[in-house]
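> Take this structure, written in structure tokens, and hold onto it; I'll ask about it next.
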Amino acid sequence: MPSNIETLSQQIVWKPIDADDGETPELFCSTEEQVLAVEAFLNTKLPQDYRWFLRNVGRRLIEDQRIEVRVNGISLEFLDWFRDAVDVLTFTMMASDVDDDGDARIPPNLVVMESGISRDLLLLDVSENNYGKVWYMNGYQGEKDWSGHNYEGLVLLADSFTELLEKIVQYEPN
């Protein structure tokens, strides 16, 4: 699987790394320890394709015009960059924190891969039944009680992170 995700990652137009400003590819990639911290919080392993992406591409801005793709009726224009493992852990912890009323921003067993300026979320599922699926959540849903979680209000974008990147790469803008 990593070779497929690697090929797809190379086909996406990323903002160039500014070596003159001291940027290096390593600044954007997650360390193994950072990925393990995400997995420890989740109490499960991340899918291999996403794990590879965090370690080898990581936090990169997207400059690809194909990001205008619509998947299952959802425009991915909000997706301007993917987070690194530190951001993924921080955003996931904050969004999954249950308040005194039993409300949280996201259902359990979901990982925040991206949070747009409009609070739209790109979520990775690590639950047993939907492991690896990628969901979209509209930013206007707010917090709610997710006990008995049935994916109401979420839109399935892809069955895997690899499939999501395939949809971006294969999209032909008008």
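So that you can scan it fast, the table gives a plain yes or no per residue for (1) in a helix (DSSP H, G or I); (2) acidic (Asp, Glu); (3) touching a strand residue (DSSP E or B) at 6+ places or on another chain (Cβ under 7 Å); (4) in contact (Cβ under 8 Å) with a residue 40 or more places away in the chain:
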{"residue": "SER30", "(1), (2), (3), (4)": "no, no, no, yes"}
{"residue": "LEU36", "(1), (2), (3), (4)": "yes, no, no, no"}
{"residue": "ALA95", "(1), (2), (3), (4)": "yes, no, yes, no"}
{"residue": "PRO108", "(1), (2), (3), (4)": "no, no, no, yes"}
{"residue": "VAL111", "(1), (2), (3), (4)": "no, no, yes, yes"}
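> Please enumerate the residues belonging to segment 128-159 that are among the charged types (D, E, K, R) and farther than 19 Å from ASN72 by Cα.
GLU128, GLU143, LYS144, ASP145
> Conditions first: (1) under 14 Å from the mean Cα position of the chain (by Cα); (2) in contact (Cβ under 8 Å) with a residue 24 or more places away in the chain; (3) not in a loop (DSSP other than H, G, I, E, B). PHE41 passes all but one, so which condition is the exception?
So the condition that PHE41 fails would be (1).
> Still on this model: With the structure loaded, tell me whether LEU124 is assigned to a strand (DSSP E or B) and within 28 Å of ALA40 (Cβ to Cβ) or whether it fails that test.
yes
> Sticking with this structure for a sec: Considering each of LEU110, LEU79, LEU121 in turn, give the residue that is among the hydrophobic types (A, V, I, L, M, F, W, C), at pLDDT below 85, surrounded by 15 or more Cβ atoms within 10 Å (Cβ to Cβ) and under 26 Å from ASN150 (Cα atoms).
Just one listed residue meets the conditions, LEU79.
> May I ask you to verify whether VAL112 is within 22 Å of ARG60 (Cα to Cα) and among the β-branched types (Val, Ile, Thr)?
yes
> Another question, then. Taking the conditions exactly as written (under 18 Å from LEU165 (Cα atoms) and either loosely packed, with under 13 Cβ neighbours inside 10 Å or among the small types (Gly, Ala, Ser) (or both)), does GLN48 satisfy them or not?
no
The values are calculated or read from the model by the stated rules, or taken from the named source; none is laboratory data. In this text, all values refer to a predicted model and were calculated from it rather than measured experimentally. Backbone-built Cβ (ideal geometry, glycine too); neighbour counts: all protein chains shown.
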